[in-house]
Amino acid sequence: MAASLRLLTFAPMIDSELSRLLLRYYGVAYQEERHLFGLVSVLAVLHGGTPQVPMLYGRGVRLTGPRGIVSRYDPDCPAGRRLVPPGQPAATRVEADWDRFNGRLATETAAFAYFHLLPRPDILIEPLCQALPASEARALRGWAYPALKWLLSLLLRLSAARAADALVRIRSAFDYTDAILADGRPYVGGSDLTLGDFALVSAVAALLQPPRYGAPIPPPEVLPAAMASLLAELRARPTGAYVRRFYENLSASITA
């Protein structure tokens, strides 16, 4: 039977990938509906009364963003599978990781990646067209791409200086995660899988392109030189290896 829940997304968004990972973890069947940036927010207003995406809706469900998904499904998990532990100080540590990775690192990833990718419609348009409605794909191949480029550049305040600063911050974040993973812990927070792990993995997946990464992005062999160089650098680091293991073991580790 087809999934009756729908996930409205602008597919490349980091929160869209995070929502995919969380829904897989919670065992929630859904069908993703990918749309152009801007238009997807209009559809979100129609279905849920807010422009924020991603949005999960259907069967009386209206959940906005990955935290909406966590708030709905995490309390139903057995204690050992909850991604946000109910007690302190564990819950505070998870919230700190959420802010560090989803709130800050994800922003730097988006700024760095879009600065280098948006000037290259020759490699970016076709991945972005994946699974779009035919009319939206035609628009993206024509008039809509310049509008998308302008809007994302404005929202992310893209410039060469901004991208350079983002690169410094990305490397600093990897310094932090490399150091805490150095003690052999299985997860970022320690012995238990938490929302912090999902926030980290989704925040940097676009830079690493691990197996089963769900967002549309040009493959490594055609990336701009700066992105290809960073991909190779980060894959060689302990955090890069951790992200790869997370994706490689996705079914076994988060759906058992």
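The values are calculated or read from the model by the stated rules, or taken from the named source; none is laboratory data. All values derive from a computational prediction rather than experimental measurement. Reconstructed Cβ throughout: ideal geometry from the backbone, glycine too, with neighbour counts over all protein chains shown. Only protein heavy atoms, including side chains, enter the accessible area calculation; ligands, DNA and RNA are left aside. Shrake-Rupley method; radii C 1.70, N 1.55, O 1.52, S 1.80 Å.
Dividing the convex hull volume of the alpha carbon atoms of the stretch 146-256 by its residue count gives 124 Å³ per residue. Across the stretch 70-123, counting alpha-carbon atoms alone, Rg and Dmax equal 16.9, 50 Å.
Overall size of the stretch 84-165 from C-alpha positions, given as principal axis extents largest first: 52, 33, 18 Å. His116 contributes about 40 Å² of solvent-accessible surface, heavy atoms of the protein only, 1.4 Å probe. Could you look at the chain and say what percent of its accessible area is carbon and sulfur, using a 1.4 Å probe and all protein chains? Reported share for carbon and sulfur atoms: 57 percent.
Compute the signed sum of charges (Lys and Arg +1, Asp and Glu -1) over the other residues within less than 15 Å, Cβ to Cβ, of Gly60. Provide the component values of the computation, followed by the final result.
Numbers: positive: Arg6, Arg59, Arg62, Arg72; negative: none.
Neighbourhood net charge equals +4.
What's the whole-number percent of alpha carbon pairs in the stretch 1-106 lying beyond 22 angstrom? Could you put the intermediate results ahead of the total?
Details: 1841 of 5565 pairs.
Counting every Cα pair in the stretch 1-106, those more than 22 Å apart make up 33 percent.
Could you state the accessible area per residue of the stretch 28-87 in Å², with a 1.4 Å probe and every protein chain left in place?
Each residue of the stretch 28-87 exposes 49 Å² on average to a 1.4 Å probe.
In the stretch 69-125, what trypsin sites (Lys or Arg not before Pro) fall in a loop by DSSP, with at most 11 other Cβ atoms inside 10 Å?
On the way: sites: Arg72, Arg81, Arg82, Arg93, Arg100, Arg104; in loops: Arg82.
Passing both the DSSP loop test and the Cβ count: no residue.
Solvent-accessible surface (1.4 Å probe) assigned to Val45 amounts to roughly 70 Å².
Counting only helical runs of four or more DSSP H residues, what would the 222 nm mean residue ellipticity of the chain come to if each run contributes -39,500 (n - 2.57) and the total is spread over all its residues? If you can, show how the numbers build up before the last one.
Working: 13 runs with 145 residues, N = 256.
Counting only the DSSP helices, I get -17000 deg cm²/dmol.
Quick one: net charge around Gly48, please, counting Lys, Arg +1 and Asp, Glu -1 for every other residue with C-beta under 12 Å from its C-beta.
Numbers: positive: Arg6, Arg62; negative: none.
Every neighbour counted, the sum reads +2.
A simple spin-label model places the labels of Ala225 and Arg62 5.1 nm from each other, with each point 7 Å out along Cα-to-Cβ. Put a dot 7 Å past the Cα of Arg81, heading toward its Cβ, do the same for Ser159, and the two dots end up 4.9 nm apart.
Note on the chain: the alpha carbon radius of gyration divided by the globular reference 2.2 N^0.38 Å gives 0.99.
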